[in-house]
Amino acid sequence: MEIEVRSHYYNYYNVKGRYTTSDPVKAGWAERYESVEDRIEGNNSNKDSELYKAYVKLEDIYYDLGVVNRSKYSSYEELQNAIAQKYSSAEYYGKYTVAERNAMYQNELSMSAFGYCGNMNDPRLNGAVHAETDSEKKSYNRQCVNNQINNIFTNNGISQTFFGNNSFTFIINPYTYQLTVEGNADKSIMSLMETLLNENGNSKELFFHILNSIGSTNIDKNVLAKYRAASLLREYTDLDIRNFTQTKDGLIDGNGNNILDVFKKSIKESSKVPSEFKGAAYDIFEEYIKQMTATDVNSIDDMYLSIGFENGQLKDMSNSNIINTGFNVTF
């Protein structure tokens with residue numbers, strides 16, 4: 001019987017350099033494995049995988065230990081010392097290798113201080129944890145996304161029989177994630193499909209799903225850099241990268257502001273990024289801008305993504321059609 005997942009991330013001892021939330025939030029691993037039925041989730045994780053079962057087992061082993069430790073030790077240093085001393089005991093842990101002891105130490109420390117753990121070298125798992133292959137992950141994820149799309153349509157009165165003799169192409173704008181449905185079918189139903197796929201973040205998640213299916217290594221590096229720079233700029237400044245003009249001094253807006261200065265100011269004032277990560281966020285953005293401006297920015301294509309939909313199932317398109325046919329599409 002599956003145990004209740006109780007893990008929640010929280011920096012209990014306010015350890016410097018670790019992300020701190022005002023209230024506990026669901027642990028990242030637990031959030032990844034939540035089932036989604038009525039909207040598109042671009043990246044779904046399989047609860048039948050060995051990795052999920054290992055996370056659950058570690059939860060079962062260490063959760064109550066973490067609760068006890070937090071009641072006993074008032075500081076992170078005190079906690080570290082106590083757990084380190086525990087696993088250095090030859091009497092109780094001498095049969096384990098140094099690596100195995102370290103895994104147990106890391107898991108108990110992490111669960112006690114941060115509310116989750118995930119070192120898969122822990123000997124209490126009784127053997128190696130075999131990760132899913134990329135092919136298995138992609139197959140499971142596609143199955144989930146197909147089910148989610150069909151649930152959305154069925155729940156809103158679009159019968160599955162409608163898709164039996166019709167094929168469609170979904171094209172997604174990389175700047176707004178606005179999705180357009182192309183096909184030769186009842187226009188009113190196609191319009192409803194379009195509306196539904198543009199709700200609840202569905203088109204954005206489908207965009208990420210297509211991108212994951214393609215694999216970023218199969219996309220021109222400048223096209224990818226332009227998309228990622230545009231996404232970061234939009235997220236943290238609400239500005240459109242297309243409103244910046246390339247000059248000898250970089251990308252400049254209509255008021256003469258450099259895009260790097262605009263981003264730096266916004267990221268500094270933003271509450272979306274913890275203070276300890278602001279510098280890294282700026283560095284990543286700067287790297288994308290440098291890559292883009294090393295060439296003629298106007299010559300870099302926009303990363304419109306396309307995917308087919310036939311008989312109620314998504315259908316990957318050839319590489320030449322996934323992206324290139326979507327370039328410069330006007331919505």
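The values are calculated or read from the model by the stated rules, or taken from the named source; none is laboratory data. All values reported here derive from a predicted model rather than from experimental measurement. Note that we place each Cβ from the backbone using ideal geometry, even for glycine, and neighbour counts take in every protein chain shown. Ligands, DNA and RNA are stripped out before the accessible areas are found, and what is left, the full protein with its side chains, is counted by its heavy atoms. Shrake-Rupley method; radii C 1.70, N 1.55, O 1.52, S 1.80 Å.
If ligands, DNA and RNA are left out, what is the accessible area of residue 228 with a 1.4 Å probe, given in Å² to the nearest 10?
Roll a 1.4 Å probe over it and residue 228 shows about 90 Å².
Viscosity 1.567 mPa s, temperature 4 °C: what is the translational diffusion coefficient of the stretch 81-159 from Stokes-Einstein with a Kirkwood Rh over Cα pairs, rounded to a whole number of µm²/s?
After rounding, the answer is 81 µm²/s.
Using all alpha carbons of the stretch 230-307, what is the percent of pairwise distances in each 10 Å bin, ordered from the shortest bin to the longest?
Going from the shortest bin to the longest, the percentages are 17, 51, 27, 6.
Taking the solvent-accessible surface of protein heavy atoms with a 1.4 Å probe, what is the per residue accessible area of the stretch 186-331 in Å²? Let's see the in-between values first.
Numbers: 7820 Å² over 146 residues.
Using a 1.4 Å probe on heavy atoms only, each residue of the stretch 186-331 averages 54 Å².
How much accessible surface area, in Å² rounded to 10, belongs to the heavy atoms of residue 10 with a 1.4 Å probe?
Per-residue accessible area (residue 10): approximately 60 Å².
Going 7 Å from the Cα of residue 176 toward and past its Cβ, which residues in the stretch 203-230 have a backbone nitrogen under 15 Å from where you end up?
203-204
Quick one: order 48, 316 from most to least accessible surface, probe 1.4 Å.
48, 316
Mean 1/r over all different Cα pairs, inverted: what Kirkwood radius does the stretch 196-279 give, in Å?
14.8
With N set to the number of residues, divide the alpha-carbon radius of gyration of the stretch 1-119 by 2.2 N^0.38 Å and report two decimals.
Values: Rg = 15.8 Å, N = 119, 2.2 N^0.38 = 13.5 Å.
That works out to 1.17 for the stretch 1-119.
Taking θ as phi - 60°, what are the ³J(HN,Hα) couplings along the stretch 250-262 by the Karplus curve (6.51, -1.76, 1.60), each to the nearest whole Hz, with x for Gly and Pro?
These are the phi-based 3J(HN,Hα) values: x, 8, 10, 8, x, 9, x, 8, 6, 4, 5, 5, 4 Hz.
Which FRET efficiency value, to the nearest 0.05, do you get for residue 199 and residue 128 by plugging their Cβ-Cβ distance into 1/(1 + (r/R0)^6) with R0 = 45 Å?
Rounded to the nearest 0.05, the efficiency is 0.60.
Which value, in Å² and to the nearest 10, is the accessible area of residue 176 when all protein chains are kept and the probe is 1.4 Å?
90
Just the projected area, averaged over all directions, of the convex hull on the alpha carbon atoms of the stretch 126-275: how many nm²?
The Cα convex hull of the stretch 126-275, projected and averaged over all directions, gives 14.8 nm².
How large is the helix-only mean residue ellipticity at 222 nm for the chain, computed as the sum of -39500 (n - 2.57) over DSSP H runs with n ≥ 4, divided by its residue count, in deg cm²/dmol to the nearest 500?
So the calculated ellipticity at 222 nm is -15000 deg cm²/dmol.
Taking amide hydrogens as modeled 1.01 Å from N in the peptide plane, which residues meet the under 5 Å criterion relative to residue 178, leaving out close sequence neighbours?
So residue 178 has HN proximity to 173.
Compare the Cα positions of 22, 5, 36 along the charge dipole of the stretch 1-45 (+1 at Cβ of Lys, Arg; -1 at Cβ of Asp, Glu; about the Cα centre) and return the one farthest towards the positive end.
22
By per-residue mean of other Cβ atoms within 10 Å, what is the highest-first order of 109-115, 159-165, 210-216? Please list the in-between numbers first.
Details: 109-115: 22.6, 159-165: 11.9, 210-216: 16.4.
Per-residue mean Cβ counts within 10 Å order the peptides as 109-115, 210-216, 159-165.
Run through every distinct alpha carbon pair of the stretch 6-65 and return the Kirkwood hydrodynamic radius in angstroms, one decimal place.
Result for the stretch 6-65 stands at 13.4 Å.
Mind ordering 269-281, 63-75, 300-312 by average Cβ neighbours within 10 Å, highest first?
Result, highest mean Cβ count within 10 Å first: 300-312, 63-75, 269-281.
If you build the Cα gyration tensor of the chain and take the root of 5 times each eigenvalue, what three semi-axes come out, in whole angstrom, biggest first?
Gyration-tensor ellipsoid for the chain: 42, 29, 17 Å.
Taking the Cα centre of the chain as origin, sum charge times position over the Cβ atoms of Lys and Arg (+1) and Asp and Glu (-1), and report the length of that vector in debye to the nearest 20.
About 600 debye.
Would you rank 8, 130 by solvent-accessible area, highest first, keeping every protein chain in place and using a 1.4 Å probe?
If we order 8, 130 from most to least accessible, we get 130, 8.
Set Lys and Arg Cβ to +1 and Asp and Glu Cβ to -1, take the dipole of the stretch 218-319 about its Cα centre, and tell me which of 293, 274, 307 lies farthest positive.
Among 293, 274, 307, the one farthest towards the positive end of the dipole of the stretch 218-319 is 274.
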